[in-house]
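Following: one structure in structure tokens, then a few remarks.
The values are calculated or read from the model by the stated rules, or taken from the named source; none is laboratory data. Keep in mind that this is a model prediction, so the values were computed, not measured. Here the Cβ positions follow ideal geometry from the backbone for every residue, glycine too, while neighbour counts run over all protein chains shown.
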Amino acid sequence: MSTGTALAIIAAAYLVGSIPWSYLIVRLRQGMDIRAVGSGNVGATNVLRTAGKGAGIVALLLDAGKGVAVVLVTRALDAPAYVVCVSAVAVVLGHVFPVFLRFRGGKGVATAAGALGALAPVVLALSLLGFVVIVLWKRYVSLGSILAAALFPVFAWIGSRLGWVRHEGAWVVLSSAAIAAVVLARHASNLRRLLKGTERRLGEPRSIRQ
């Protein structure tokens, strides 16, 4: 594959990631700009709090679907391992810094889960288990997201040794580490609130802002 073709695929992955599903759902359903309500985050959790459970689930599936689609299509094009994995990073960056919303996007968790799940399903399952345990126990979506992001490259490295990661190998470990870094950086404010004890728990009244 030529360098030009590889760059075009990666750029297309970024544009797919930039599709602001959460923004569009809240705009169409509530007539509001999601960036001005709730936590202000352009993501499924804020859609759930702002527009209801059904809308939140749709946003979650569509955001995750961006990540899945990019990895599956890139593989279908028989792209080299590095193009597949860099495209996975690009789709997450597109969600976090979408060109269509002046680079103000979400925190990348759902899109990261979709992309990484398509790259290494077993590794995603283990990371999601950590997410679910934390959310059920502490009722902090942000804490579960931080833990899952941190665990994925660790599990990916282990999986590359045990055969759970069968396709892109070391590239999966590198790309998952890059994606984890992006997700963790986007949760810096949540981490500060968690340390202060002011982070909003799942299910708290919508009048309480993050």
Please indicate, with yes or no, whether at least one residue in the stretch 141-156 is surrounded by 15 or more Cβ atoms within 10 Å (Cβ to Cβ), within 25 Å of residue 50 (Cβ to Cβ) and of a type in the set (Val, Ile, Thr).
yes
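Given the options 127, 87, name the one that is modelled with pLDDT of 95 or more and crowded, with 16+ Cβ neighbours inside 10 Å.
From the options 127, 87, the qualifying one is 87.
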When only residues in the stretch 173-205 that are in contact with a Ser or Thr (Cβ under 7 Å, 6 or more places away or on another chain) and outside any helix (DSSP H, G or I) count, which is nearest to residue 162 (Cα to Cα)?
187
Quick one: is residue 66 over 25 Å from residue 191 (Cα atoms) and touching a His at 6+ places or on another chain (Cβ under 7 Å)?
yes
Matching residues, the stretch 1-27, being among the hydrophobic types (A, V, I, L, M, F, W, C), over 19 Å from the mean Cα position of the chain (by Cα) and at pLDDT 90 or above:
6, 7, 8, 9
Criterion (on the phi < 0 side of the Ramachandran plot and either touching a His at 6+ places or on another chain (Cβ under 9 Å) or not acidic (Asp, Glu) (or both)) met by exactly one of 40, 56:
56
Which of the residues spanning the stretch 42-82 are assigned to a loop (DSSP other than H, G, I, E, B) and more than 16 Å from residue 18 (Cβ to Cβ)?
52, 77, 78, 79, 80
Take the stretch 98-119 and flag every residue that is at pLDDT below 90 and aliphatic (A, V, I, L, M).
109
Would you please list the contacts, defined by Cβ atoms under 6 Å and residues six or more apart or on different chains, that run from a residue in the stretch 94-123 that is within 21 Å of residue 84 (Cα to Cα) to a residue that is surrounded by fewer than 24 Cβ atoms within 10 Å (Cβ to Cβ) and of a type in the set (Ser, Thr, Tyr)?
94/14; 94/18; 98/18
Just one of the numbered conditions (1) part of a helix (DSSP H, G or I); (2) closer than 23 Å to residue 188 by Cβ is not true of residue 105; which one?
(1)
Breaking point among (1) in contact (Cβ under 8 Å) with a residue 60 or more places away in the chain; (2) within 18 Å of the chain's Cα centre (by Cα), for residue 200
(2)
